[in-house]
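Peer 1: So that we are looking at the same thing, I have put the structure below in structure tokens.
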Amino acid sequence: MSNIEDLWELQVHYNNLKNIKDNLKYIINGEKIKKIGIKLEKTEKKLIDLENRIEENEEKLDKNNSILKNYDYELKEIEKNLYSENITDLKQLNFLDKERKNIIKEIDNKETEIISQMSNMEELKKEFIRIQEEFNKLRKKYTKTVKDDKLMVEDFNKKVIEEKNEIDVTSSKIDKSVLDKFNELIKNKDVAVVEVIDNKCSGCNMFLPSNIIYKLENNDGIIHCDNCDRILYLKI
Ligand SMILES: [Zn+2]
């Protein structure tokens, strides 16, 4: 006579097998890797953008520095003329003095602009280092996930073989007609043996009559749910 415990054990192996296959499917789909890949791409774009901004800023700084240099030269020239005592014409002296003041003002403005560009540059470089660290971490995570997934697939494949062996061993303990019915239920309803929880069939949620519960409690043969036909198992 077939034992309900053997049937339950067989069902547990089928459940394990289904879990392993679901996990395998998830890994093979590469969902986790895809998510990291998207993040990696976004981070790389940020890095490229920052690099461009740093370059632009550097060009502006170079340009402003050379403008400043020209102003310094002009100022020197004006001052040379102004203090050379060669020019005695008051009008011209006034004009030169006015020019001198203008250029000092321009220098002042340029210097302020350069200082702000330099501090901006410092911020951009800090941000670049931060994003670069993030990028490196993500790249490591990506490589590790690829490796881990490969190992997990190997491990799950081993477990699939183990569970299939267990299914064969347990099946051999069960009478053919009972096993045929079990396999038919697996084929049609995915699950053949279901637990009775709170006097209900956990396959279809129907309340079970008390005579069925009594039979289950007394381990009186293999009992099917009247509603869904699955084999009932009561953990005692
Ligand atoms: Zn049922």
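The values are calculated or read from the model by the stated rules, or taken from the named source; none is laboratory data. In this text the structure is predicted, and so the values were computed from the model without any measurement. Virtual Cβ from ideal backbone geometry, glycine too; neighbours counted across all protein chains shown.
Peer 1: Would you check if there is a residue in segment 162-178 being on the phi < 0 side of the Ramachandran plot, within 11 Å of the ligand (Cβ to nearest atom) and not in a loop (DSSP other than H, G, I, E, B)?
Peer 2: There is no residue in segment 162-178 that is on the phi < 0 side of the Ramachandran plot, within 11 Å of the ligand (Cβ to nearest atom) and not in a loop (DSSP other than H, G, I, E, B).
Peer 1: Which of the residues belonging to segment 209-236 are farther than 17 Å from Leu10 by Cα and among the hydrophobic types (A, V, I, L, M, F, W, C)?
Peer 2: Once the filter is applied, which keeps residues that are farther than 17 Å from Leu10 by Cα and among the hydrophobic types (A, V, I, L, M, F, W, C), segment 209-236 yields Ile212, Ile213, Leu216, Cys225, Cys228, Ile236.
Peer 1: Starting from segment 210-233, take each residue that is closer than 11 Å to Val196 by Cα and not assigned by TED's automatic domain parsing to the domain that holds Leu185 and list its partners that are aliphatic (A, V, I, L, M) and exposed (fewer than 13 other Cβ atoms within 10 Å of the Cβ), counting only C-beta distances under 9 angstrom and pairs at least six apart or across chains.
Peer 2: none
Peer 1: Can you name every residue in segment 19-34 that is without any contact (Cβ under 8 Å) to a residue 60 or more places away in the chain and not polar (S, T, N, Q)?
Peer 2: Selection gives Asp22, Lys25, Tyr26, Glu31, Lys34.
Peer 1: May I pose another question? Restricting attention to segment 204-218, does a residue exist that is more than 16 Å from the ligand (Cβ to nearest atom), surrounded by 11 or more Cβ atoms within 10 Å (Cβ to Cβ) and under 30 Å from Glu51 (Cα atoms)?
Peer 2: Taking every residue of segment 204-218 in turn, none turns out to be more than 16 Å from the ligand (Cβ to nearest atom), surrounded by 11 or more Cβ atoms within 10 Å (Cβ to Cβ) and under 30 Å from Glu51 (Cα atoms).
For (1) in contact with a strand residue (DSSP E or B) (Cβ under 9 Å, 6 or more places away or on another chain); (2) outside any helix (DSSP H, G or I); (3) in contact (Cβ under 8 Å) with a residue 24 or more places away in the chain; (4) among the small types (Gly, Ala, Ser), each residue gets a yes or a no:
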site	(1), (2), (3), (4)
Asp6	no, no, yes, no
Gln11	yes, no, yes, no
Tyr14	yes, no, yes, no
Ile36	no, no, yes, no
Leu40	no, no, yes, no
Lys45	no, no, no, no
Leu50	no, no, yes, no
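Peer 1: Which condition number in (1) among the β-branched types (Val, Ile, Thr); (2) touching a Lys or Arg at 6+ places or on another chain (Cβ under 9 Å); (3) away from the ligand (no atom under 16 Å from the Cβ); (4) within 30 Å of Asp229 (Cα to Cα) is the one that Ile131 fails?
Peer 2: Going through (1) among the β-branched types (Val, Ile, Thr); (2) touching a Lys or Arg at 6+ places or on another chain (Cβ under 9 Å); (3) away from the ligand (no atom under 16 Å from the Cβ); (4) within 30 Å of Asp229 (Cα to Cα) one by one, Ile131 breaks only (4).
Peer 1: Right, something else. What's the number of the condition Glu195 fails, among (1) farther than 30 Å from Glu41 by Cα; (2) away from the ligand (no atom under 13 Å from the Cβ)?
Peer 2: With respect to (1) farther than 30 Å from Glu41 by Cα; (2) away from the ligand (no atom under 13 Å from the Cβ), Glu195 is out only on (2).
Peer 1: Another question, then. List the number of the failed condition for Cys201; all other conditions in (1) of a type outside the set (Asp, Glu); (2) surrounded by fewer than 12 Cβ atoms within 10 Å (Cβ to Cβ); (3) out of contact with any Asp or Glu (no Cβ under 7 Å at 6 or more places or on another chain) hold.
Peer 2: Failed condition: (2).
Peer 1: Looking at Tyr14, Tyr26, which one is hydroxyl-bearing (Ser, Thr, Tyr) and surrounded by fewer than 17 Cβ atoms within 10 Å (Cβ to Cβ)?
Peer 2: Just one listed residue meets the conditions, Tyr26.
Peer 1: Residue under question is Asn64, and the condition is that it be farther than 30 Å from Val169 by Cα, assigned to a helix (DSSP H, G or I) and touching a residue at least 12 places away in the same chain (Cβ under 8 Å); does it hold?
Peer 2: Spelling it out, Asn64 is indeed farther than 30 Å from Val169 by Cα, assigned to a helix (DSSP H, G or I) and touching a residue at least 12 places away in the same chain (Cβ under 8 Å).
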